[in-house]
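Structure record follows, encoded as structure tokens.
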Amino acid sequence: MQLMNETEDVSWELTAAQRYLRTGQAAKAREVCRHCLKRDPDNPEALLLLGEIAQAAGDTEEAKKIIRCALRRFPQDPRCYKALGLLLRNIGHLDDARINFLKAIELTPASADAYFDLARTYQLANQLSAAIQCYKKAIQLDPHCQMAFHNLGIIYHTLGQLGEAVAFYRQALSLQPDHATGWCALAFAYQDLDQAEIAVSYWRRALDIDPNLTDAYNGLGLAHRRLKQFAQAIDWHMRGLALSPESDDIRVNIANVYQEAGHYRRAALWYRKALEINSRNPIAHLNLGVALAAGGQAEMSTDHYRKALQSKPDYAKACAYLVGRLLHECDWEELDSVDLQLDKMTRDALKKGELPAETPFTNLARHADPVLNGAVARAWSRNISNRIDSDQRPFVVMEQRRAKQKITVGYLSNNYRNHPTAQLILKLFELHNRETFTVNGYSYGVDDGSHYRERIKRTCDRFVDLRQLDHYAAAGKIYDDGVDILIELAGHTEGNRLEICAMRPAPIQVRYLGMAGTTGAEFIDYLITDSTVTPPEHAPYYSERFVYMPDCYQINSFAPQEALTNRQQPDFELPPNGFVFCCFNAAYKIDRIIFDSWMNILNQIPNSILWLLEPGRAARSNLKRSAAKKGVDPARLLFAPKMAKIEHLNRMCHADLALDTKSVSGAATTSDALWAGIPVVTLQGEHFASRMSSSILAAAGLPELVTVSLAEYERCAVQLARNPDRLHVLKSRLNRNRWCSPLFDTPAFVSHLESAYMQMKKWFHDGRKPRAFKISDLI
């Protein structure tokens, strides 16, 4: 029998020490290492293992001392630099860790492990470009470095480059098919590509390998939620919760399912259960706020947005939601600081090429800056495009469709209900020329049973409810219906499904109404607009080509029965002799600057009052307090409850003059006031959202009510209030124009719109790219 020499004996003992460490017997492992060092003091492995044992015991300083001792004794051994680098990385000293890994590479330039360690350090430091480069070098040195492929997948996933992420995850799994976590990662990538069915198959594959993998149960819950299979989603999340009964995150996911299913009270209950486990869970606080707002308790949501941001100060989404609520509550004092915080978060995200947390809609409400508005919108649309995998784009139709006698137009919206969009476009569908056009309506919003929805359904040639279809199937339906021109009516407003348009189900795609700004989307060709809201010099900030209507971008569909049939004194309190200013715009449009101007106007017109739409308890209190600070009796602010459109129009005629908001002007509300015979004074701003009333007033024949400075705005309002004869002349002209002005000539508007559609179709069939044009050049 051959006996081991002393070196082999030490090596065998070190192997035993490693086994002791892995099985939690640190004391035995330490004893063996010290025995080995007595026998072989020049053994670096024993010294480094002793450092590893100290680190496992939580004695970082002792571990650091031991490894530095090894470095002094063995300065050319790359394992010493690796060990120190790993220790420093574990305690968050990433720069120092990087220096040690670079030294290890210097000593062993062909070591894939050294490059992998450096790459992981860059990844943890969020230096993703450097991490990618080092992982790829590790793969070059060792094509079987499975975790390098996997981590590259994670990085590209983080960057939103989902196609690359999928490719790297697949390469990693080809090297280690039994890597359950790898199948989970691949499933999450497909989930983010809106391919939930594929994601489900991969999560099931992960569970086949590891039946106790909580992430897989969680993922299956997320996928079934995406597929609107809410009962199954709850079931999978509950299975995950059984494995991790103290998980606040799983409770949040259960709540998310109930919230998406519209069960807001039950969602709130589960968010509160999550907060019982972890009172500082920022996602639970944020989503609880969203659930409360959706359930009609918006004012209760504000504090949860605050708590989410307090729990995680860099939580940009919570900051964006808090800003949104503060806008609605007219809480300008708190808004001042949080607004600046959100500005920094948005600009930092744009600088890094990341998705800003605030929506394009929120951004344009806060900033009349077409350059910034366009940058935010482009980031959001780019994110949508990145989530649409090339395998999901069979609907790209750049070839000519088979020649048809008629042009099929499809209107896509989630607002075929009692909503300003439906009220504006109500007559559009029935006025289309059926000899030239087939008109389809595509709805993915709630069916409220209103007469608006019923009339639109009745006057479409085909009306399709897409709510039960995912984005891919919805796009397929539009494509199969042979739609030539798809008109998207939401933009980046709440609940939009721009993903449908991103799949290019129609050869020509057009934006109209909805959000007053650009989508920033390459998949939208045209924007129906006018030269007031989007002057030609704004074209560089828009992804769409401008289609200029002759007068105003806005269609109106007022009916004869909405022609003010009830002019007697209303059953609400208005002063019998005082002057009534009004503004029925949403509260989020009221900013400090315009409100101060309103107070200046009230201070100059004795016995005048300001009549506003009821904004809720918090906003009402804040507005009254702000009025008092400007020397105005808060009792001079009156608040009108919401009511049906016809009743509101009849109520409005008791006002004398409407005052417009500044950051976002009135749109449908301005047209409503003019139809009710109430002139509107507006202040023209610098972007689409702050110029809508300017366009509407010009089309109504009242361009003199468009002002360009706060001083002129206040002067115009005060002069009209002091000069009843001049105001009477304006109202008389407005009453005449109601029946003949371009603003209310719906048949002419539809005719102009059809001219635009025919021009778009002609250019497409001629093989010409979309370009800006004026309707006036066609007629």
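The values are calculated or read from the model by the stated rules, or taken from the named source; none is laboratory data. These numbers come from a predicted model, not from an experiment. When we count neighbours, we look across all protein chains shown, and the Cβ atoms used for this are built from the backbone with ideal geometry, even at glycine. Areas reflect the complete protein model, heavy atoms only, side chains present, ligands, DNA and RNA absent. Shrake-Rupley method; radii C 1.70, N 1.55, O 1.52, S 1.80 Å.
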Scan of the range 504-516 for residues that are out of contact with any Ser or Thr (no Cβ under 9 Å at 6 or more places or on another chain), surrounded by 24 or more Cβ atoms within 10 Å (Cβ to Cβ) and either within 20 Å of Ile696 (Cβ to Cβ) or of a type outside the set (Val, Ile, Thr) (or both), ordered by number = Pro505, Gln509
Test: residue in the range 724-740 that is under 37 Å from the mean Cα position of the chain (by Cα) and either within 25 Å of Asp369 (Cα to Cα) or among the hydrophobic types (A, V, I, L, M, F, W, C) (or both) = no
Would you please name the residue that is modelled with the lowest pLDDT, looking only at residues in the range 473-484 that are surrounded by fewer than 22 Cβ atoms within 10 Å (Cβ to Cβ) and not charged (D, E, K, R)?
-> Ala473
Filter result (part of a helix (DSSP H, G or I) and open to solvent by less than 50 Å² (accessible area, probe 1.4 Å)) within the range 601-635 | Ile601, Leu602, Ala618, Ala619, Asn622, Leu623, Ser626, Ala627, Pro634
Surrounded by 22 or more Cβ atoms within 10 Å (Cβ to Cβ), modelled with pLDDT of 90 or more and touching a His at 6+ places or on another chain (Cβ under 8 Å), is that true of Ala138?
-> no
Failed item in (1) over 24 Å from Arg225 (Cα atoms); (2) open to solvent by less than 20 Å² (accessible area, probe 1.4 Å); (3) in a helix (DSSP H, G or I), with Asp303 passing the rest | (2)
Only one of Leu87, Leu37, Leu49, Leu94 is open to solvent by less than 70 Å² (accessible area, probe 1.4 Å), more than 21 Å from Gln18 (Cβ to Cβ) and either of a type in the set (A, V, I, L, M) or modelled with pLDDT of 85 or more (or both); which?
-> Leu94
Out of all the residues in the range 769-779, is one or more open to solvent by less than 60 Å² (accessible area, probe 1.4 Å), touching a Pro at 6+ places or on another chain (Cβ under 9 Å) and more than 23 Å from Ser557 (Cα to Cα)?
-> no
Check whether at least one residue in the range 694-712 is farther than 23 Å from Thr438 by Cβ, in contact (Cβ under 8 Å) with a residue 60 or more places away in the chain, open to solvent by 30 Å² or more (accessible area, probe 1.4 Å) and not hydrophobic (A, V, I, L, M, F, W, C), and report yes or no.
-> no
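Residues checked against (1) in contact with a Phe, Trp or Tyr (Cβ under 6 Å, 6 or more places away or on another chain); (2) not in a strand (DSSP E or B):
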| residue | (1), (2) |
| --- | --- |
| Tyr411 | no, no |
| Asn415 | no, yes |
| Asn418 | yes, yes |
| Val446 | no, yes |
| Tyr452 | no, yes |
| Ile456 | yes, yes |
Please work out if Gly153 is touching a residue at least 40 places away in the same chain (Cβ under 8 Å), closer than 22 Å to Trp183 by Cβ, in a helix (DSSP H, G or I) and open to solvent by less than 60 Å² (accessible area, probe 1.4 Å).
-> no
Collect the residues in the range 654-674 that are assigned to a loop (DSSP other than H, G, I, E, B), farther than 20 Å from Tyr553 by Cβ and in contact with a Leu (Cβ under 8 Å, 6 or more places away or on another chain), keeping them in residue-number order.
-> His654, Asp656
All conditions in (1) touching a Leu at 6+ places or on another chain (Cβ under 9 Å); (2) closer than 30 Å to Arg226 by Cβ; (3) of a type outside the set (Phe, Trp, Tyr) are true of Leu326 except (2)
